[in-house]
2 protein chains.
Amino acid sequence: MPNIVFMLVDNLGWGDPGCYGGGSVRMAPTPRIDQLAADGLRLTNFNVESECTPTRAALLTGRYPIRSGNHLVRTVGEHGLAPWEVTLSQLLKGQGYATACFGKWHLGNTPERHPTALGFDEWFGIQDSTGPVFDHLNGKPDTIIRHTSVWEGVAGAPAERIADYDPDARRELDGQVVERASRYITDRAADGQPFFLYVPFTQVHHPNLPHPDFDGASGNGAFADCVMEMDHRAGQVIDAIDDAGLGDDTIIVWASDNGPPSHPTLGAQGSTGPFRGCLGSAYEGQLRVPCIIRWPGTIDTGRVSDEMVSVLDFYQTFASIAGAEVPTDRAVDSLDLGDFLAGGPSPRDGMLCFVGKTLAAVKWRQYKLHYVEYGIQPGHRYRLELQFPQLFNIAQDPREEWDLLAINLWVSEAMTPMIRDFMRSVHRFPNVPTGGDGPVEGTNLDVLAGRGS
Amino acid sequence: MPNIVFMLVDNLGWGDPGCYGGGSVRMAPTPRIDQLAADGLRLTNFNVESECTPTRAALLTGRYPIRSGNHLVRTVGEHGLAPWEVTLSQLLKGQGYATACFGKWHLGNTPERHPTALGFDEWFGIQDSTGPVFDHLNGKPDTIIRHTSVWEGVAGAPAERIADYDPDARRELDGQVVERASRYITDRAADGQPFFLYVPFTQVHHPNLPHPDFDGASGNGAFADCVMEMDHRAGQVIDAIDDAGLGDDTIIVWASDNGPPSHPTLGAQGSTGPFRGCLGSAYEGQLRVPCIIRWPGTIDTGRVSDEMVSVLDFYQTFASIAGAEVPTDRAVDSLDLGDFLAGGPSPRDGMLCFVGKTLAAVKWRQYKLHYVEYGIQPGHRYRLELQFPQLFNIAQDPREEWDLLAINLWVSEAMTPMIRDFMRSVHRFPNVPTGGDGPVEGTNLDVLAGRGS
């Protein structure tokens, strides 16, 4: 059974790495990521959920995050992965894998929802996000900022706070993550146990505070410095795998969790490449992020694919590779990418695009139909109910500017069954109600599926 | 002396070729262009003028087009390159080069301004642009459309209309251009004369009418079909060079003339990649277009450079390579790229960005300062005098959204001397007044150079 190392970058846009048209164009070269692409498969139509927590929930459960109550980033109240979810780490652990999570969790900040309670043998990192580091920078009271901490734990015992997550810690964290990851890889090479190593980096999320070694490295500001650090960190993990002699036995996935944010107080962050939108929207600039997969012997080197893949799909894919059964007592939306990785077509030709609980759009082949517009204007974000849905051909029109609905009504008819199937599955397997905002019936789904008025 | 083959595509955006992030992402793979990049130098900061005629004037004269009266596309009245311009083709012809132009001219439609009057031994193609083909499609009177024709000529005699430029001719033209270009290359290989072959293709300009062989090739509409034809045509020219055994002795340049257009009646056309703007603006989506240069033995394979280069610079570069002297009785804005092509830095760190006669912006290193905004809104284009200039760091912010002027005033001071130097040169060598819109003094330049009020 191959080892699986999954690196997830925070808030990196489709257009940021060099092999996606960024890199030196942004004065932030990414030679290690570019090399990883040359050695494996570069996906140009890899899709995530609408923000950080939903994407991570989709990755670890194979379920649309609305099913598990993880359709939004939350910071207060009970939230995250409920203990009855069956995570990818649990599936792999059940097949004899050692499992570890080093980095940002963002799927719950109570003991029963920490990584070490959900299938990971070890955890080091932060439980929430990096945004609260701003509270330190802005002089918030200690009581507010103390819940942002660096944690450490092992399965079977509560995790422990080991440090504040303050600006200095923020600069150091990904270096420490890589140190732990490298040691973990070396140890597993020594003991021969197959492993699933999940490395959710905290870079390049704001505030843009790079490690001191990368401060000024780009000559073009802190965001570019962070991109260069991010590239270097991925390279260190790859080196640890290769130096341990595990290159041929390890599937490496490197991906981003969502598109770059846009907010006046942040200034320029990541690039969405040719695509419209930003973090939190249902445009391609949010949904479509970089993803590279290296698996020598199975994936041809230098392959590039525009076939549709979702972050949901790793769940079923890795379960199949490890011989694990995915649960049948709940809805699972993950598709098996096994044939695709070996050179065949992707099994996926469509997906639902939620923003929070709203079904904002449906993607099918090169088309996307928007029901609700989540947009940005200078200075504010807005949510606009569309009187008529808008249909875009993304391959013709990556900026999603030219509404084709009037002359392509057939496309919307091809999409409606996807919504209806989803609704049927929800009625069979109700969504997990968390966070106090009620079950799915409060959304626009009934209407879109043709059941409501 | 190396042969020079310069292919210019019409209206292709930075983001259209596969090696620039388009290709299969747009369902229009560009394997030949991608291979050309792998075999040579791919420029990611290659800059052109604000539209078709200005770029072509800059290429062939090495002068900002406002100097030669070619700062706008015009279709009526006397326009184009005046007979007293010294073209690149004339310089090379003077050094013993055979010269030919096959394709779209757009630098004058009177006999003394045709290519064969300005240094090209042979010409086949159209004198103006492809837009008037719409007149045929829209049933305009024959008297209006008859001035759009396919022409043929040799130096020393007036060129002749040989066919209407109607929709069928539009589909066939680039195929015919390649046929002529290939024969020309084979003939020069036989007679051993060095040559300058200028191939300004008519694709991928609207109306999107591909050659019948490419009709439906992409499965994603006529624009994508045209991109695939464009790639194939470039490949045919490259094959002709290589098949004739001239690969090692030939500099191949392949570039676009401007960014993609945006207009409601056209629908989605090319992609500007990560950049803002469209044809006719001063944003990077217009200025920055794809450009690849192959020159075996001098240019390393697989090189990618974000150093600034202008279409102006080929004039001095090719003159130096051929041992020709550029004129000193006029202002020439071209810089010698010789060292750059051999692996050194680009000599250019700034440029003036005109839209028509207006100095819309100045570009310097990674910064751009806009004085006048040329924008698009759904349904219309606008020109907005900015009360305060806007400063963007393009490397941080390719969409030119985050104005940094207030915190980077020093940058604007670094730019002002470029305007002043330009004004000095204009007062020494007045611009050619053509088209009845007066000399440069009617523009915003005096004010920006600190001379007016």
**Report entry** Number of the exception - B:Phe6 against (1) open to solvent by less than 10 Å² (accessible area, probe 1.4 Å); (2) on the phi < 0 side of the Ramachandran plot; (3) touching a residue at least 60 places away in the same chain (Cβ under 8 Å); (4) outside any strand (DSSP E or B)
**Finding:** (4)
Query raised in the report: If only one of A:Gly69, A:Gly77 is open to solvent by 10 Å² or more (accessible area, probe 1.4 Å), of a type outside the set (A, V, I, L, M, F, W, C) and at pLDDT below 95, which one is it?
Result: A:Gly77
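Right, B:Arg67: touching a residue at least 40 places away in the same chain (Cβ under 8 Å), farther than 23 Å from B:Arg294 by Cβ, among the charged types (D, E, K, R) and within 14 Å of another protein chain (Cβ to nearest Cβ) or not? Talk me through it step by step, then tell me what you get.
Values: touching a residue at least 40 places away in the same chain (Cβ under 8 Å): yes; farther than 23 Å from B:Arg294 by Cβ: yes; among the charged types (D, E, K, R): yes; within 14 Å of another protein chain (Cβ to nearest Cβ): no.
The answer is no for B:Arg67.
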Requested in this report: Considering only residues that are within 14 Å of chain B (Cβ to nearest Cβ) and more than 19 Å from A:Trp14 (Cα to Cα), look in the range A:395-418 and name the one that is surrounded by the fewest Cβ atoms within 10 Å (Cβ to Cβ).
Outcome: A:Ala406
**Report entry** Residue check for B:Arg381: out of contact with any strand residue (DSSP E or B) (no Cβ under 6 Å at 6 or more places or on another chain) and surrounded by fewer than 17 Cβ atoms within 10 Å (Cβ to Cβ)
**Finding:** yes
Query - Evaluation of A:Ala282 against (1) farther than 25 Å from A:Val411 by Cα; (2) among the aliphatic types (A, V, I, L, M); (3) part of a loop (DSSP other than H, G, I, E, B) (one fails), failing number - result: (1)
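Kindly evaluate B:Ala240 against the criterion of being open to solvent by less than 20 Å² (accessible area, probe 1.4 Å), more than 13 Å from chain A (Cβ to nearest Cβ) and more than 22 Å from B:Leu337 (Cβ to Cβ).
Working: open to solvent by less than 20 Å² (accessible area, probe 1.4 Å): yes; more than 13 Å from chain A (Cβ to nearest Cβ): yes; more than 22 Å from B:Leu337 (Cβ to Cβ): yes.
Against the criterion (open to solvent by less than 20 Å² (accessible area, probe 1.4 Å), more than 13 Å from chain A (Cβ to nearest Cβ) and more than 22 Å from B:Leu337 (Cβ to Cβ)), B:Ala240 qualifies.
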Report task. Inspect all residues belonging to the range B:289-309 and state whether any of them is surrounded by fewer than 23 Cβ atoms within 10 Å (Cβ to Cβ), assigned to a helix (DSSP H, G or I) and out of contact with any Lys or Arg (no Cβ under 7 Å at 6 or more places or on another chain). Result -> no
Query - Restricting the range A:209-237 to residues that are under 17 Å from A:Leu8 (Cα atoms) and open to solvent by 10 Å² or more (accessible area, probe 1.4 Å), the residue that is farthest from the other protein chains (Cβ to nearest Cβ) - result: A:Gln236
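Can you pull out the residues in the range A:9-32 that are among the hydrophobic types (A, V, I, L, M, F, W, C), within 22 Å of A:Val311 (Cα to Cα) and either without any contact (Cβ under 8 Å) to a residue 12 or more places away in the chain or not in a strand (DSSP E or B) (or both)?
First pass over the range A:9-32, keeping only residues among the hydrophobic types (A, V, I, L, M, F, W, C): A:9, A:12, A:14, A:19, A:25, A:27-28.
Going one step further and asking which of them are within 22 Å of A:Val311 (Cα to Cα), we end up with A:9, A:12, A:14, A:19.
Matches in the range A:9-32: A:Leu12, A:Trp14, A:Cys19.
Could you say which residue among B:Phe388, B:Phe392, B:Phe340 is crowded, with 22+ Cβ neighbours inside 10 Å and in a strand (DSSP E or B)? If you could, list the steps in order and put the result at the bottom.
Details: B:Phe388 fails: crowded, with 22+ Cβ neighbours inside 10 Å; B:Phe340 fails: in a strand (DSSP E or B).
Just one listed residue meets the conditions, B:Phe392.
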Query raised in the report: If you scan the range B:111-151, which residues turn out to be closer than 19 Å to B:Val178 by Cα and in contact with a Gly (Cβ under 6 Å, 6 or more places away or on another chain)?
Result: B:Thr116, B:Trp123, B:Gly125
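Consider B:Arg276 carefully, then state whether it is basic (Lys, Arg), open to solvent by 10 Å² or more (accessible area, probe 1.4 Å), within 27 Å of B:Pro398 (Cβ to Cβ) and touching a residue at least 24 places away in the same chain (Cβ under 8 Å).
yes
Specify the residue that is nearest to the other protein chains (Cβ to nearest Cβ); the eligible residues are those in the range B:258-271 that are within 16 Å of the chain's Cα centre (by Cα) and open to solvent by 10 Å² or more (accessible area, probe 1.4 Å). Even if it seems obvious, please write down each step before you answer.
The first filter runs over the range B:258-271 and keeps only residues within 16 Å of the chain's Cα centre (by Cα), leaving B:258-261, B:270.
Applying the additional criterion that residues be open to solvent by 10 Å² or more (accessible area, probe 1.4 Å) yields B:261, B:270.
Values: B:Pro261: 13, B:Gly270: 10 Å.
That would be B:Gly270.
The values are calculated or read from the model by the stated rules, or taken from the named source; none is laboratory data. All values derive from a computational prediction rather than experimental measurement. For neighbour counting, all protein chains shown are included, and Cβ atoms are generated from backbone atoms with ideal geometry for every residue, glycine included. These accessible areas exclude ligands, DNA and RNA; they are computed on the full protein's heavy atoms, side chains included. Shrake-Rupley method; radii C 1.70, N 1.55, O 1.52, S 1.80 Å.
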